[in-house]
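Structure first, commentary second.
The values are calculated or read from the model by the stated rules, or taken from the named source; none is laboratory data. It should be emphasised that the depicted structure is a prediction, and the values quoted were computed from it without experimental measurement. Cβ coordinates were reconstructed from backbone atoms using ideal geometry, including for glycine residues, and neighbour counts include every protein chain displayed. Side chains are part of the model used for accessible areas, which takes the heavy atoms of the whole protein and leaves out ligands, DNA and RNA. Shrake-Rupley method; radii C 1.70, N 1.55, O 1.52, S 1.80 Å.
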Amino acid sequence: MYKVFLILILTICCSKDSTQTNSSISLSQEDISNALEVHNKARADVGVEKLEWSNSLSVDAQKWADNLAEKDKMFHSSNESRLNQGENLYYSFSSQNGEAKFSNSPAKDASTAWYNEINDYKYSAIGSTANESVMIGHYTQMVWKSTTQVGIALARSSSGKEYIVARYSPPGNYFGEYPY
């Protein structure tokens, strides 16, 4: 009886630990479609071709989102770790009565936030003084003229933050160049 009880406790503990460390959350197909729609509306507004969804980029984005959630800290990956990929990051946290409350559309929320940077953007080359005091790089990556694919992923930290990572190919935001 004692051995069975101990095995049961170990199984419960191990199961709980594996759930806590697995921060990957699958995006719904509806959220993916809506996020892609936000991206492609931004691109249509400036006359560049639509982006296509990339499962490969999404897998790469998931690895980085999991890393951010594990560390519970947001920072860009190194350029060397994501050759030929651009990257947008976003995180959110919401709670109600002390419990984390999660969005039903985190990829769309992130894409909308990135798109809203248009409100601060003055059309100019990347690195221009026209945009030096505002955050516009997420928006310009979304609409970068030569980018053709995007993949987005979500992970949640143990503190309840949702980390969204988007990867783009080919990347954009080259200093001295115009996004479109």
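With a point put 7 Å past each Cα toward its Cβ, work out how far residue 30 is from residue 78 in nm, to one decimal.
4.1
Take the solvent-accessible surface of the protein heavy atoms, probe 1.4 Å, and return the percent of it on the chain that carbon and sulfur atoms account for.
Exposed carbon and sulfur together represent 53 percent of the surface.
Applying the Karplus parametrisation 6.51 cos²θ - 1.76 cosθ + 1.60 with θ = phi - 60° to the phi angles of region 78-85, what ³J(HN,Hα) value in whole Hz is obtained for each residue in order, glycine and proline being reported as x?
Those phi angles translate into 6, 4, 5, 7, 9, 3, 6, 9 Hz.
Search the structure for amide H atoms under 5 Å from the amide H of residue 172, placed 1.01 Å from N in the peptide plane, and list their residues when 5 or more places away or on another chain.
86
Residue by residue through region 60-76, which ³J(HN,Hα) values in whole Hz follow from phi under the Karplus form 6.51 cos²θ - 1.76 cosθ + 1.60 (θ = phi - 60°), with glycine and proline marked x?
These are the phi-based 3J(HN,Hα) values: 5, 4, 5, 4, 6, 4, 4, 4, 4, 5, 5, 7, 6, 8, 9, 7, 6 Hz.
With charges only on Cβ, +1 for K and R and -1 for D and E, what is the dipole size of region 107-180 about its Cα centre, in debye, rounded to 20?
Around 220 debye, computed over region 107-180.
Residues of region 160-180 with amide nitrogen under 16 Å from the 7 Å Cα-to-Cβ point of residue 145?
Residues passing the 16 Å test: 170-180.
Would you mind checking which residues have amide H under 5 Å from residue 148's amide H? H placed 1.01 Å from N; only 5 or more apart, or other chain.
Excluding prolines and chain starts, which carry no amide H, the hits are 169.
What's the magnitude of the charge dipole for the chain around its Cα centre, counting Lys and Arg as +1 and Asp and Glu as -1 at the beta-carbon? Answer in Debye, nearest 20.
360
Any of 50/73; 101/122; 108/145; 73/101 with alpha carbons more than 26 Å apart? Name them for me. Numbers along the way, then the final one.
Working: 50/73 32 Å; 101/122 35 Å; 108/145 21 Å; 73/101 19 Å.
Correct reply: 50/73; 101/122.
Would you please classify the overall shape of region 27-180 from the alpha carbon gyration tensor, given that a ≥ b ≥ c denote the square roots of the eigenvalues, rounded means a/c under 1.5, and beyond that prolate means a/b larger than b/c while oblate covers the rest? Numbers along the way, then the final one.
Numbers: a/c = 1.58, a/b = 1.54, b/c = 1.03.
Here region 27-180 falls in the prolate category.
Points 7 angstrom from Cα along the Cβ direction at residue 53 and residue 104: gap in nanometres?
Placing both labels 7 Å beyond Cα along the Cβ direction yields 1.8 nm.
I'd like the accessible area for residue 102: 1.4 Å probe, protein heavy atoms, all chains in place, Å² to the nearest 10.
Around 80 Å² of this residue is reachable by solvent.
Return one number: the angle in degrees, 0 to 90 and rounded to the nearest 10, between the long axis of the Cα atoms of helix 29-45 and the longest principal axis of the Cα atoms of the chain.
10
Can you give the charge dipole size of region 61-106 about its Cα centre, rounded to the nearest 20 debye, using +1 on the beta carbon of Lys and Arg and -1 on the beta carbon of Asp and Glu?
Values: 5 positive and 6 negative charges, 11 e Å.
For region 61-106, the charge dipole is close to 60 debye.
Might you tell me the accessible area per residue for region 22-180, computed with a 1.4 Å probe and given in Å²?
On a per-residue basis, region 22-180 sits at 53 Å².
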